[in-house]
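> I have a structure I would like to understand better, so I am pasting it below and will then ask my questions one at a time.
The values are calculated or read from the model by the stated rules, or taken from the named source; none is laboratory data. This structure is a prediction, so every number in the text was calculated from the model and none was measured. Using ideal geometry, Cβ is built from the backbone for each residue, glycine included, and neighbour counts are taken over all protein chains shown.
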Amino acid sequence: MHDLRPIRRPVRLAVVPPSRGALGRAVLTCVAFIMLALFAAPLMAAETAPASVLRLRGDVTARGDTLNLGDLVEGAPAELAARPVFRAPGLGAVGTIQTRRILDAAFALGLGGIETGGRVQVSVQRAARRVGPPEIEAALKRTLETAYGLDPKAHTVRLDGETLLLAPLDLDGPAAAVDVTYDPRTRRVAGLVVLGERQASLRVSGVAIETREVAVLTRSLSRGEAVTATDLTVERRPREAVAADALGTPSLVVGQVAQRPVGAGAVLRSGDVAPPDLVARGDGVTIVFETAGVSLAIRGTANESGRLGASVTVTNTASKKVLQAVVVGPGRVSVGPAPQPVRQASADVAQPLN
């Protein structure tokens, strides 16, 4: 016989739909969780983020009279970075600060854990504006021009000794010379060079030297070699140090020929160069004769060399007669009343400029 199993009929479960109130509460709960997550995430990140690393800086440049904590410690909090802790060196000077002193100053402000990188000391340089001889000379020359009428282009001021004015960086205006005195007999100059409203000043002295422009060779020339524009440069030299016949107009020298060897760096003088010969001895020339209404041209031979305007003798090829003529162009001479013969031309035509 088999055991009988009881018959079990499935029971249907009653499904009750949620009410509107329940749905509303569920939605509000989800929104609350989302808002909490949005606001709490940054706070949690801030709590877990590591604090900024504090490091001792290397060499420091000070731009003012004091050094702040932020100048020496990288990553210092903003409220402490602006706190002055040390005096800066003098203008343009360099000093050092021991690392332990920096750490002690930071600790006194409640700041610790500074990485030193093994540094024993920190080098500090004070930034400064440097007013050197060129700027000082320019200031003196401006005042000498207005007060004494000296041409700044024709004068230079040779200062006594090493002259340097150190000033704060914020004094960025031009230097001025005040209380300037000048003795025309000795040419001595003295004055006070200032920046701003005399916020920085330096008393200076020197000698005003009159100069002039001269033509200086940039390379050596051999006799008979023509001068080109690239062979010359213009410099200002003390007037008393150059010869009176020194040439000062390069444009008049270009194309002339060296009359003797001249070394590079030499100041050209009137006898060093001369215009090139337009007629050479033994060359054939054209002899022209011109008067009012009459113009003749015959062939001849030059008996001597000559440059433009020079008086030379020539031989008429046909008559063999020797004539006195004036060089008027390349291979061309003139006889007759015009033009009148002139002496042999020289470099004197290139007069020096003051």
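> Going by the conditions given, is Arg260 assigned by TED's automatic domain parsing to the domain that holds Ser220 and either touching a residue at least 12 places away in the same chain (Cβ under 8 Å) or not in a strand (DSSP E or B) (or both)?
Values: assigned by TED's automatic domain parsing to the domain that holds Ser220: yes; either touching a residue at least 12 places away in the same chain (Cβ under 8 Å) or not in a strand (DSSP E or B) (or both): yes.
Criteria met by Arg260.
> Restricting to the stretch 250-269, name every residue that is closer than 29 Å to Val207 by Cβ and either touching a helix residue (DSSP H, G or I) at 6+ places or on another chain (Cβ under 6 Å) or buried (at least 18 other Cβ atoms within 10 Å of the Cβ) (or both).
Pro250, Val267, Leu268, Arg269, listed by residue number.
> Among (1) at pLDDT 90 or above; (2) within 23 Å of Leu217 (Cα to Cα), which single condition is Pro276 missing?
(1)
> Sticking with this structure for a sec: Going through the stretch 208-229 one residue at a time, which ones are more than 26 Å from the chain's Cα centre (by Cα) and of a type in the set (Val, Ile, Thr)?
Taking the stretch 208-229 as the starting set, the residues that turn out to be more than 26 Å from the chain's Cα centre (by Cα) are 219-228.
Across the stretch 208-229, the qualifying residues are Val227, Thr228.
> Next up: Can you give me the number of residues within the stretch 138-163 that are in contact with a Leu (Cβ under 8 Å, 6 or more places away or on another chain) and either over 17 Å from Arg237 (Cα atoms) or without any contact (Cβ under 8 Å) to a residue 40 or more places away in the chain (or both)? Step through it out loud before you land on a result.
Let us first name the residues in the stretch 138-163 that are in contact with a Leu (Cβ under 8 Å, 6 or more places away or on another chain), namely 141, 144, 150, 152, 155, 157, 163.
Filter once more, so that each one left must be either over 17 Å from Arg237 (Cα atoms) or without any contact (Cβ under 8 Å) to a residue 40 or more places away in the chain (or both): 141, 144, 152, 163.
Of the residues in that region, 4 qualify.
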